[in-house]
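Student: First the structure, then my questions, so here it is.
The values are calculated or read from the model by the stated rules, or taken from the named source; none is laboratory data. Computed from a prediction, not measured in an experiment: that's the story for all the values here. Neighbour counts run over all protein chains shown; Cβ positions are idealised from the backbone, glycine included.
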Amino acid sequence: MTKSTNLTLSLTLSLTLAAMLAVAAVPAAQANADLAKAKACMACHAIGAKLVGPSYKDVAAKYAKDGGAEARLVQKIQKGSSGTWGPIPMPANPQVSEADARVLAKWILAQK
């Protein structure tokens with residue numbers, strides 16, 4: 001193969017891989033929103049607006065520089081919390097597994 005053919009092949013493979021990764025990321029983001037709906041999180045929270053609890057964007061902004069935020073949110077999701085966002089407590093969600101709580105926490109923190 002010529003140098004030009006190798007370059008074209010390399011560029012084509014790189015672009016194909018980038019496109020595949022971009023497409024794969026969209027279902028993951030949607031899957032996490034679907035998980036939040038399935039676990040009834042959206043009954044009290046929305047991505048961009050305060051409902052009963054804070055918006056996910058507000059949560060992400062509050063914890064943006066907190067290295068322990070993911071673990072802290074996992075605990076809050078499963079065990080509940082009070083006082084962080086005002087007088088209305090967040091109830092415990094024992095039906096949410098630790099693995100699902102971790103997925104939700106990562107997704108919430110990505111809502112910027």
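Student: Checking Ala60 against (1) touching a residue at least 12 places away in the same chain (Cβ under 8 Å); (2) part of a loop (DSSP other than H, G, I, E, B), which single condition isn't satisfied?
Tutor: Evaluating Ala60 over (1) touching a residue at least 12 places away in the same chain (Cβ under 8 Å); (2) part of a loop (DSSP other than H, G, I, E, B) leaves (2) as the failure.
Student: Quick check on this structure: which one of Lys65, Lys106, Lys112 is surrounded by fewer than 17 Cβ atoms within 10 Å (Cβ to Cβ) and modelled with pLDDT under 95?
Tutor: Testing whether each residue is surrounded by fewer than 17 Cβ atoms within 10 Å (Cβ to Cβ) and modelled with pLDDT under 95 leaves just Lys112.
Student: In region 28-44, what count of residues is obtained for those that are over 12 Å from the mean Cα position of the chain (by Cα) and either modelled with pLDDT under 95 or in a loop (DSSP other than H, G, I, E, B) (or both)?
Tutor: Summing the residues that are over 12 Å from the mean Cα position of the chain (by Cα) and either modelled with pLDDT under 95 or in a loop (DSSP other than H, G, I, E, B) (or both) in region 28-44 gives 3.
Student: Being farther than 19 Å from Ala38 by Cα, in contact with a helix residue (DSSP H, G or I) (Cβ under 9 Å, 6 or more places away or on another chain) and of a type in the set (Lys, Arg): is that true of Lys112 here?
Tutor: yes
Student: Which residue, of Ile77, Ile47, is at pLDDT 95 or above and either part of a loop (DSSP other than H, G, I, E, B) or of a type in the set (Ser, Thr, Tyr) (or both)?
Tutor: Checking each option against the conditions leaves just Ile47.
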